[in-house]
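Below is one structure; the comments refer to it alone.
The values are calculated or read from the model by the stated rules, or taken from the named source; none is laboratory data. Predicted model, so just to flag it, every value in this text is computed and none were measured. Note that we place each Cβ from the backbone using ideal geometry, even for glycine, and neighbour counts take in every protein chain shown. The area values use the complete protein model at the heavy-atom level, side chains included, leaving out ligands, DNA and RNA. Shrake-Rupley method; radii C 1.70, N 1.55, O 1.52, S 1.80 Å.
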Amino acid sequence: SAKASGKNRLCFYDPKLDEYAMLRLALLNDFRKSFANHDFVVLYQPQIRFSDNALIGFEALVRWHHPERGIVSPIEFIHLIEENGMIIPLGKWVLNQACKDAMTWSAPLQIAVNVSPVQIERSNMLLTVASTLENTELPASRLELELTESSLMCDGDNTINLLNELRQQGVKIALDDFGTGYSSLSYLQRFPFDKLKVDRSFVIAASNHTNSDGKSDAKSILSAILQLAQVLNLETIAEGVETQEVGTLLHELGFENAQGYFYGRPMTADQAKQLIIDWPHNIEQNNS
Ligand code: C2E
Ligand code: MG
Ligand code: MG
Ligand code: MG
């Protein structure tokens with residue numbers, strides 16, 4: 001039963017741990033081969049602006065096409081390759097691919113790329129970004145980097161300097177999964193962000209109409225986050241919007257932008273390119 005297996009996990013010796021360690025090792029070994037074979041692909045998920053339903057850009061999300069396992073989610077392997085630093089070459093590859101693909105779009109929309117704390121701490125992101133922009137010819141203003149709160153934990157001053165330099169180049173910085181990490185209000189004030197990307201868990205909580213735990217309403221928390229964003233002059237985006245109702249609710253609460261399955265699932269580069277052409281109101285059309 002579930003209870004029995006739960007109990008097993010508390011044992012001091014668990015053969016499953018060995019199994020897990022073996023699996024990790026095998027996966028890392030496969031990763032090395034896959035990286036050499038280019039078995040990775042970048043998918044793109046649309047981001048929209050509430051005020052006029054404009055398509056504002058896409059987030060780049062990496063996928064691993066494992067030769068035997070099929071598609072492996074980044075949730076399963078990013079953490080693994082962060083530990084041994086292989087996220088650095090993979091992250092560079094994703095950045096380059098995303099910028100290259102964005103250059104083929106029919107409108108100059110934004111491309112958001114996830115950056116791991118390991119890339120921040122152990123590689124020269126300023127150089128990587130500068131050379132990628134130069135090679136792909138993507139204007140810096142079209143690139144947004146998504147950092148999680150864990151990027152802010154170590155070496156604060158170095159990270160602040162890096163972010164300031166990136167922003168001087170015109171690159172935008174978003175704080176991803178906001179609310180799930182450990183960042184305090186002082187982090188928000190100290191680090192130069194352009195955008196707050198509020199975590200899906202808050203969005204899910206706000207969409208649940210009844211609150212059985214008696215704690216403060218999820219909607220009030222979102223309102224507080226939005227007020228904070230306003231005070232700090234940060235743009236806002238909500239992630240994980242799966243229905244029209246939730247989208248409407250978030251718009252009413254005061255979010256500026258959204259991303260989620262309701263607007264579009266992560267899609268191939270070709271599909272993203274086509275979506276820009278088909279979208280009824282993208283930025284370029286609004287400006288012209
Ligand atoms: P994230 O950056 O917070 O990306 C959003 C994740 O939520 C994506 O999962 C996306 O597919 C999923 N998602 C989007 N809309 C919805 C929705 O409406 N409902 C639900 N249930 N899920 C939604 P994905 O692609 O599996 O990526 C997971 C995480 O892996 C990302 O979370 C990001 O932290 C990381 N990741 C993905 N690609 C990269 C990358 O190139 N580099 C790094 N460092 N991390 C990456
Ligand atoms: Mg992200
Ligand atoms: Mg996120
Ligand atoms: Mg997330």
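Things to note:
- Taken as Cα centroids, segment 98-138 and segment 257-274 sit 19 Å apart, rounded to the nearest whole angstrom.
- For G57, distant residues with modelled amide H under 5 Å away: Q47, Q110
- Percent of beta bridges antiparallel (DSSP, segment 7-153, rounded to nearest 5): 60 percent
- Relative contact order (%) - segment 28-114, alpha-carbon pairs under 8 angstrom, separation at least six: 29 percent
- Helix-only mean residue ellipticity at 222 nm for the chain, each DSSP H run of n ≥ 4 adding -39500 (n - 2.57), per residue, nearest 500: -15000 deg cm²/dmol
- Mean accessible surface per residue for the chain, computed with a 1.4 Å probe while every protein chain stays in place, in Å²: 53 Å²
- Under 5 Å between amide hydrogens, built in the peptide plane, is the criterion, and for T236 it picks out L196, E256, N257 among residues at least 5 positions away or on other chains.
- Scanning the chain for DSSP H helices at least 24 Å long along the axis (C-alpha atoms) with a Kyte-Doolittle mean no lower than -0.5 picks out 15-37.
- Relative contact order, whole percent, for the chain stands at 20, derived from Cα pairs under 8 Å and 6 or more residues apart.
- Protein heavy-atom surface of the chain, 1.4 angstrom probe: 52% of the accessible area is carbon and sulfur, with nucleic acids and ligands not counted.
- Within the chain, the longest segment free of exposed loop sites, counting GluC sites (Glu not before Pro) that fall outside DSSP classes H, G, I, E and B and have at most 12 other Cβ atoms within 10 Å, spans 138-288.
- Rounded to the nearest 20, the Cβ-based charge dipole of the chain about its Cα centre (Lys and Arg +1, Asp and Glu -1) stands at 440 debye.
- Y20, Y261, Y187, Y44, reordered so the largest accessible area comes first (probe 1.4 Å): Y20, Y261, Y187, Y44
- Interchain or long-range residues, amide H under 5 Å from T268's placed H: Y44
- Unit Cα scatterers, Debye sum, segment 42-162: log10 I(q)/I(0) for q = 0.22 Å⁻¹: -1.34
- Expressed to the nearest 5 percent, the antiparallel share of DSSP beta bridges inside the chain is 40 percent.
- C-alpha center-to-center spacing [segment 56-84, segment 222-242] in angstrom: 27 Å
- Net dipole in debye of segment 126-184 [+1 Lys, Arg Cβ; -1 Asp, Glu Cβ; about Cα centre; nearest 20]: 160 debye
- In terms of Cα atoms, the Rg and Dmax of the chain work out to 20.1, 66 Å.
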